[in-house]
């Protein structure tokens, strides 16, 4: 007889997030109900709600998971360094063209960006996660040197490129190269000094 091994809180939460991720990709965030998630995990409804009282909390943790993955695959700069505009452009370009990022998270992000047009609560999560994402880069001194509107423009450009990459797929890869994307980022950053 197999010995029962109790899962940790973190393992349970990860199980819920993984099930939710698959459902969000299949049905969309808005169409997935908490009961749908409860039905696919091997836990009671009370257990699921103990860990995640609302699906907003699940998607927030999924984005934190994605940001953590991004941070592991991207260069890790010391907090006190100020990157040049060229180094920032390289960093942003490498982020867009990284092949190491889990495609499921990118697909979820595209679904989320679309659905936030119709749900003000998702807009709040987006703003919270944007702030979390930027701060998790640990580029404190660099970001202090870049005007706030430029950081916003960089964020919009990254989101636009992610949407294009995910929606257009092969056409994006054939039409858009790293040199062009880097020029776009450099052009935005050049406005920082004006």
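General observations
- Only one of 108, 113, 139 that is surrounded by 15 or more Cβ atoms within 10 Å (Cβ to Cβ), in contact with a helix residue (DSSP H, G or I) (Cβ under 6 Å, 6 or more places away or on another chain) and closer than 27 Å to residue 180 by Cα: 108
- The stretch 37-60: number of residues that are surrounded by fewer than 17 Cβ atoms within 10 Å (Cβ to Cβ) and part of a helix (DSSP H, G or I): 10
- Pick from the stretch 1-32, criterion touching a helix residue (DSSP H, G or I) at 6+ places or on another chain (Cβ under 8 Å) and not in a helix (DSSP H, G or I), ranking: surrounded by the most Cβ atoms within 10 Å (Cβ to Cβ): 29
- Check on residue 95, modelled with pLDDT of 95 or more, closer than 29 Å to residue 117 by Cβ, buried (at least 16 other Cβ atoms within 10 Å of the Cβ) and within 22 Å of the chain's Cα centre (by Cα): no
- Qualifying residue in the stretch 57-74 (condition: touching a helix residue (DSSP H, G or I) at 6+ places or on another chain (Cβ under 8 Å), farther than 30 Å from residue 187 by Cα and touching a residue at least 60 places away in the same chain (Cβ under 8 Å)): yes
- Beta carbons closer than 7 Å, at least 6 apart along the sequence or on distinct chains, pair a first residue in the stretch 91-116 that is closer than 27 Å to residue 142 by Cβ with a second that is modelled with pLDDT of 90 or more and part of a loop (DSSP other than H, G, I, E, B) for 112/29.
- Every listed requirement among (1) outside any loop (DSSP other than H, G, I, E, B); (2) free of Cβ contacts under 8 Å to residues at least 24 places away in the same chain; (3) surrounded by fewer than 14 Cβ atoms within 10 Å (Cβ to Cβ) is met by residue 86 save one, (2).
The values are calculated or read from the model by the stated rules, or taken from the named source; none is laboratory data. Predicted model only: the values in this text are computed from it and were never measured. Neighbour counts are summed over all protein chains in view; Cβ atoms, including those assigned to glycine, are modelled from backbone coordinates with ideal geometry.
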